[in-house]
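Everything on this sheet refers to the single structure shown next.
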There are 2 protein chains.
Amino acid sequence: MRSSLVAGLALLLIGCHSNDSSAERAAVPAPPTGASTGASVPGVDASGNWTRPGLDYSSSRFSSLDQITTDSVRQLGVRQTFSTGFLRGHEAAPLVANNTMFIVTPFPNVVYALDLTKPDIPLKWMYDPKPLGAAQGVACCDVVNRGAVFDNGTIFFNTLDNRTIALDAETGQEKWVAALGDINRGETITMAPLVAKGKVLVGNSGGEMGVRGWLTALDAATGKIAWRAYSTGPDKDVLIGPRFKPLYDHLKGQDLGVHTWPGESWKQGGGTIWGWLSYDPALNLVYAGTGNPGPWNHEQRPGDNKWTSGIFARDVDTGEAVWFYHTDPHDVFDYDDVNEAILVDLSINGVPRKVMLRPDRDGYVYVIDRTSGEVLTADPFVHVTSTNGIDLKQGRPVEREDKKPVVGKVIREICPAAPGGKDWQPSAYSPRTGYLYIPANNLCMDFEAVEANYIAGTPFVGANVRMYAGPGGNRGEFIAWDPVGRRKAWSIKEKFPVWSGVVATAGDVVFYGTMDGFFKAANARTGEPLWQFKTGSGIVGQPMTYRGPDGKQYVAVLSGVGGWSGAVVAGGLDTRDTTAALGFVNAMADLPQATTRGGTVYIFGLP
Amino acid sequence: MRSSLVAGLALLLIGCHSNDSSAERAAVPAPPTGASTGASVPGVDASGNWTRPGLDYSSSRFSSLDQITTDSVRQLGVRQTFSTGFLRGHEAAPLVANNTMFIVTPFPNVVYALDLTKPDIPLKWMYDPKPLGAAQGVACCDVVNRGAVFDNGTIFFNTLDNRTIALDAETGQEKWVAALGDINRGETITMAPLVAKGKVLVGNSGGEMGVRGWLTALDAATGKIAWRAYSTGPDKDVLIGPRFKPLYDHLKGQDLGVHTWPGESWKQGGGTIWGWLSYDPALNLVYAGTGNPGPWNHEQRPGDNKWTSGIFARDVDTGEAVWFYHTDPHDVFDYDDVNEAILVDLSINGVPRKVMLRPDRDGYVYVIDRTSGEVLTADPFVHVTSTNGIDLKQGRPVEREDKKPVVGKVIREICPAAPGGKDWQPSAYSPRTGYLYIPANNLCMDFEAVEANYIAGTPFVGANVRMYAGPGGNRGEFIAWDPVGRRKAWSIKEKFPVWSGVVATAGDVVFYGTMDGFFKAANARTGEPLWQFKTGSGIVGQPMTYRGPDGKQYVAVLSGVGGWSGAVVAGGLDTRDTTAALGFVNAMADLPQATTRGGTVYIFGLP
């Protein structure tokens, strides 16, 4: 009798607590069309580490860890919290390597290393770059930082005041410091670098300050500049040469980075590279999207404004441009093209293709052949009124004249609004489900263009904007998108823009955060909400997952509201100024009632 | 067979998860001598609310809630976190009333109300007093606030810039604002008010700024001043009159608050009332300890310096002094006497007595008859070199001439150091165990007196101090003290000073926090460590426990390092200046490696 009871209990315990979900996984239905079969996600780190914000070179944010399943996720609890000591928007991804967690804070960009081998995860070291206070004044949209990179025993990160810094990951000692930009011209750096083939790739921010965008490659060992490619100007500055193979007519010509601008306006034309970089080792190409042209008032810059609001494929060794896709030529809505490019191999119309998936600010998911820059499909994932679809032949959007801003006139109901169908907040892709998980905005705007004057280091915008919720009233949506089936598989509507990153796991769980502070898990196949925890502040950070020294899977995320969308709280802005934060405050006037500021990393684990 | 299994499981589940521990409680051993029998803790709130920092008028911090037991506490987990949005020391106790949690932050003293009836505990309202920035500059030891009070549908709290504010607890609307002190003379307010018999009792801070201490009673309905009693000056200012019954010789005489000072130095003589108040409704007495005399350099103020560093019993209606005990006449070590007075009825030497328990800065636990001010016992609870015990006949410490500071000479190995055997961090008393739970410091100091010049509103100290760990090297100790047996029952040594409050529960669990961020639970009878959780920042706040709307017991505490002990982190002080924070930095140079700043309330619950 006793032994039966014990056996029964043992079974019960296994049923409740086992993390081995192989049986369930074998039983899951076949993935949707095009998924898994033929899909390849290069660079997935099976070590259980998480060494880049995007996890792998293809920016999949898909972890092969599977202890946390759609069942066990319901038991997830807070294992550890660590206050960063700062109050502005925390957009970074925590990293894990060698049983150490690395966190970089918003300005002043302090880096912490936490020792995961000790039960209480103590501070191993901290590094304070002691930055120049001036940087804070020239950052357009909060003083965020989108994360560091661990590579070969070194932590690489950027500071708002234009430094790239390499630290010994074990000790926090400086290896080198490279000064890259000029704060007096409005330059800052907010992006996470990409480290590939011995190079540290860094781009600048400041598209609202008349900055000229660039992507710079530093030698990872020394910090010396290997090459720099500008986003505007003559071909030699843009590193356009014989290897450049433009696929669409409007990309062809000499020095388009000069001739598609009036006068010398390309010198303050934007095209900053402040978002995500991906890398294909087989093709030896790095993919870097360029930001909006400046100023926002497009009447001041007739022409296509090359090479802003598009994406370059460049040789990682030399920086030479190999192809460019101009997503939004002569952008008039602040549709930066800096969003993540997720590199996967998919069967498109029955043909295996090396593609990149790009859910863009302009509201379309682009599926682009990453060898050539050919757009295969482009479908709206949010409500779009700003364009009438994408002309795949011409390789550019079908413009709507009635939505084009005019100086002195308020153009209404432009959807998506300036922050786009999604902004920088990165998607994830699961090869198990074949879905792209998009943290999306549902925002429209009224836009009045006004004359902007260029004064170096000051705002150069030329627009009065007011944003508001799109159809349905929800300002955000978490979307599972089938890029092969070209359809929304499922979605979860959210009150606020979903301004966090996403992680997808082999346990078929997707994690994301909300601006009112919830960290949420959903079933990756069905969208069923499985679990949530309300953190101390709104989440605009990037979740990640790792295998701890105890062999268990953990999930971590930075809580700490801010960024462009959360500036109303992080910056304590007056909600009566509806055009504050470039018009975002109008859409977020209720955020101060929903959350408070403060940066903390949360580590969640199973019991 | 199946039914047996189910029955067995049911039993097992009850064994593991039941919160009904009555069986265990019936089985606990009889309490130690003097405890429980005859012990009375007036005012314990059985509602499951926690409406004052000290819980009840007797400041017991003993909760009758017993769902969290010495067994079940091991299952405690984080249920909710809420970022306060501020980075300085969080010394307040969260309050709970009407299913709402109230939190007051350090300067600028924002108040939050959280709705506990909703699963995600959203913000119900927030109140920003928009204080004067100047207050920050004159607070000696971080810009802390020790909590609000809920009474009769109203939240009462003090601001650093000398306002007492009454808010409608339901809406957060202001009922009244009373301006009490003068920031230009260095006055601030950091203490939690006590509300009793329709009066709001408030004292000032600024003992290091040449402030003259006072206790003020405001009409709870209007905020109008009912009475004010100074700690120095003529009897009429001190509210010493015919009802005053001094018990010891040195307390007898006319206008001792003038005559025990040189010249008019009593006007900037300190005696600020920035700590804890207790109230005995049956005796109609409020107990208020007075702070250190100023300046610290005692050679500038020969005499007993009445009525600083002692405790008054006053009629709550009129403020009239009924008795005073001068714990540290002519204090020379910054031994404020503002610590909590815990009111209990105990059998002392076989005689039932109405007493107060006072673990004091000077290192002794005083057991005082609270009807008369007679000291019954006074025993050291920490290492003491500064005095040779307490002369119960004379009612004053036996001084050590060799430890008395001298201008121009460094006197070494003074124990306890200026923050005392314990500082403001409040103890708890369990009538079930009969123990007083003392969050203690183990600090000594080297002290060099120097000449201080009084300039209104500026520091008036006159001492160079360096603190360091006392014997054993641990800077803190959590002590269970048997006030009847006059002995340490058990203790837990801690690396840093234990600068948090304590809560004791009917589940025989005691909770406290540490400056490196751990929230800990111990067995109230044995001191066995039962559970801990590392919060985001060091804990200097006061834990509390309450019954949630779901009938379950929760425990909450503010994490957020700072205060005098944590100023090195909260204020970002340079650890190379060993005399910074009045010498505390020398003892806390390793704190920045152990914790980061940031205020968050943590709510813990059982699964």
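Ignoring ligands and nucleic acids, what accessible area does A:D590 show with a 1.4 Å probe (Å², nearest 10)?
50
Give me the summed buried accessible area for the A-B pair, 1.4 Å probe, to the nearest 100 Å².
Values: alone 19760 and 19730 Å², together 37080 Å².
That pair of chains buries around 2400 Å² in total.
How far, in nm to one decimal, is B:S347 from itself in the other copies if the label point is set 7 angstrom along Cα toward Cβ? Shortest first, please.
Listed shortest first, these distances are 8.7 nm.
Over the Cα atoms of the stretch B:450-530, what is the Rg over Rh ratio if Rh follows Kirkwood?
My calculation puts Rg/Rh at 1.17.
Chymotrypsin sites (Phe, Trp or Tyr not before Pro) within the stretch B:210-261: which are DSSP loop residues with at most 15 other Cβ atoms inside 10 Å?
Numbers: sites: B:W214, B:W227, B:Y230, B:F244, B:Y248; in loops: B:F244, B:Y248.
Those that pass, being in a loop and sparsely packed, number zero.
When only Cα pairs under 8 Å and 6 or more residues apart are kept, what is the percent relative contact order across the stretch A:524-607?
Working: 137 pairs, mean separation 27.0, N = 84.
About 32 percent, as a whole number.
Based only on Cα atoms, what Rg/Rh ratio does the stretch A:528-588 have, Rh being taken as Kirkwood's radius?
Ratio value, two decimals: 1.17.
Taking a probe of 1.4 angstrom, what is the accessible area of B:V410 in Å², to the nearest 10?
Near enough 60 Å² of accessible area.
How much of the calculated P(r) for the stretch A:262-323 lies past 19 Å, in percent of all Cα pairs?
Considering the stretch A:262-323, 38 percent of its Cα-Cα pairs are separated by more than 19 Å.
Considering only A:Q542, A:G571, A:L443, whose Cα is most displaced toward the positive end of the charge dipole of the protein assembly as shown, charges sitting on Cβ of Lys, Arg (+1) and Asp, Glu (-1)?
So the residue we want is A:Q542.
May I ask you to evaluate 6.51 cos²θ - 1.76 cosθ + 1.60, the Karplus curve with θ = phi - 60°, for each residue of the stretch B:479-486 and list the ³J(HN,Hα) values in order in whole Hz, giving x for glycine and proline?
Along the stretch B:479-486, the couplings run 10, 9, 10, 9, x, 8, x, 6 Hz.
Where the eigenvalues come from the Cα gyration tensor of the stretch B:383-483, what are the semi-axes √(5λ) of the equivalent ellipsoid, largest first, in whole Å?
Numbers: eigenvalues 165, 56, 47 Å².
Gyration-tensor ellipsoid for the stretch B:383-483: 29, 17, 15 Å.
Label position 7 Å from Cα toward Cβ: report the copy-to-copy distances for B:P549 in nm, one decimal, ordered from shortest.
4.2
When Rg is the radius of gyration of the Cα atoms in the stretch B:195-340 and Rh is its Kirkwood radius, what does Rg/Rh come to?
0.95
Using alpha-carbon positions, what is the distance between the centroids of the stretch A:280-338 and the stretch A:196-247, in Å?
11
List the trypsin sites (Lys or Arg not before Pro) in the stretch A:204-254 that DSSP assigns to loop (not H, G, I, E or B) and whose Cβ has at most 14 other Cβ atoms within 10 Å. Which are they?
A:K224, A:R243, A:K252
Between the DSSP loop rule and a limit of at most 15 other Cβ atoms within 10 Å, which trypsin sites (Lys or Arg not before Pro) in the stretch A:503-585 are left?
Within the stretch A:503-585, the qualifying trypsin sites (Lys or Arg not before Pro) (loop, at most 15 other Cβ atoms within 10 Å) are A:R576.
Please report the antiparallel percentage of the DSSP beta bridges confined to the stretch A:341-465, to the nearest 5.
Taking every DSSP beta bridge within the stretch A:341-465, about 95 percent pair in antiparallel fashion.
Long-range amide H contacts for B:Q80: which residues qualify at under 5 Å (H placed 1.01 Å from N, peptide plane, sequence gap of 5 or more or a different chain)?
Here B:I603 satisfy the definition.
If you plug each phi of the stretch B:244-260 into the Karplus form 6.51 cos²θ - 1.76 cosθ + 1.60 with θ = phi - 60°, what whole-Hz ³J(HN,Hα) values come out, in order, with x for Gly and Pro?
6, 10, x, 9, 10, 4, 6, 9, 9, x, 8, 6, 5, x, 9, 6, 8
Assigning unit charges at the beta carbon (Lys, Arg +1; Asp, Glu -1) and nothing else, what dipole magnitude in debye, to the nearest 20, does the protein assembly as shown show about its Cα centre? Please report the intermediate quantities before stating the final value.
Working: 110 positive and 124 negative charges, 311 e Å.
Around 1500 debye, computed over the protein assembly as shown.
Any chance you could give the angle, 0 to 90 degrees and rounded to 10, that helix B:2-17 forms with the longest Cα principal axis of chain B?
0
Would you kindly find the accessible area of B:E374, with a 1.4 Å probe and non-protein molecules such as ligands, DNA and RNA excluded, rounding to the nearest 10 Å²?
Result for B:E374: roughly 70 Å² accessible.
Between the label point of B:D168 and that of the same position in each other copy, find the distances and list them shortest first in nm, with every label point placed 7 Å from Cα along the Cα-to-C-beta direction.
6.2
Within a 10 angstrom radius of each residue's Cβ in A:587-595, how many Cβ atoms of other chains show up on average? Whole number is fine. Show your work: numbers first, answer last.
On the way: counts 0, 0, 0, 0, 0, 3, 5, 2, 5.
The shielding value for this peptide is 2.
Ratio of chain B's C-alpha Rg to 2.2 N^0.38 Å, to two decimals?
Taking the Cα Rg and dividing by 2.2 N^0.38 Å, one obtains 0.91.
Considering every Cα-Cα pair within the stretch A:59-207, what fraction, in whole percent, is farther apart than 27 Å?
On the way: 2838 of 11026 pairs.
The calculated P(r) of the stretch A:59-207 puts 26 percent of pairs beyond 27 Å.
³J(HN,Hα) across the stretch B:153-165 via Karplus (A = 6.51, B = -1.76, C = 1.60, θ = phi - 60°), whole Hz, x for Gly/Pro?
x, 10, 9, 10, 7, 10, 10, 4, 8, 6, 10, 10, 10
Once amide H atoms are placed 1.01 Å from N in the peptide plane, what residues at a sequence separation of 5 or more from A:L65, or on another chain, have their amide H within under 5 Å of its amide H?
Here A:A506 satisfy the definition.
Compute the Kirkwood hydrodynamic radius of the protein assembly as shown, taking the inverse of the mean of 1/r over all pairs of distinct Cα atoms, and give it in Å to one decimal. Don't skip to the answer; put the middle values down first.
Values: mean 1/r = 0.0313 Å⁻¹.
Across the protein assembly as shown, the inverse of the average 1/r is 32.0 Å.
Amide H to amide H under 5 Å from B:L201: which residues, 5+ apart in sequence or cross-chain, H placed 1.01 Å off N in plane?
B:L194, B:V195, B:A196, B:L218
Whole Å is fine, so just give me how far the alpha carbon centre of the stretch A:388-424 lies from that of the stretch B:394-449.
Between the Cα centre of the stretch A:388-424 and that of the stretch B:394-449, the gap is 71 Å.
Kirkwood Rh over alpha-carbon pairs of the stretch B:432-566, then Stokes-Einstein at 37 °C and 0.692 mPa s: what D in µm² s⁻¹, rounded to an integer?
198
The values are calculated or read from the model by the stated rules, or taken from the named source; none is laboratory data. On a predicted model such as this, the values are computed, not experimentally measured, just so you know. Virtual Cβ from ideal backbone geometry, glycine too; neighbours counted across all protein chains shown. Please note that ligands, DNA and RNA were not included when accessible areas were found on the heavy atoms of the full protein model with its side chains. Shrake-Rupley method; radii C 1.70, N 1.55, O 1.52, S 1.80 Å.
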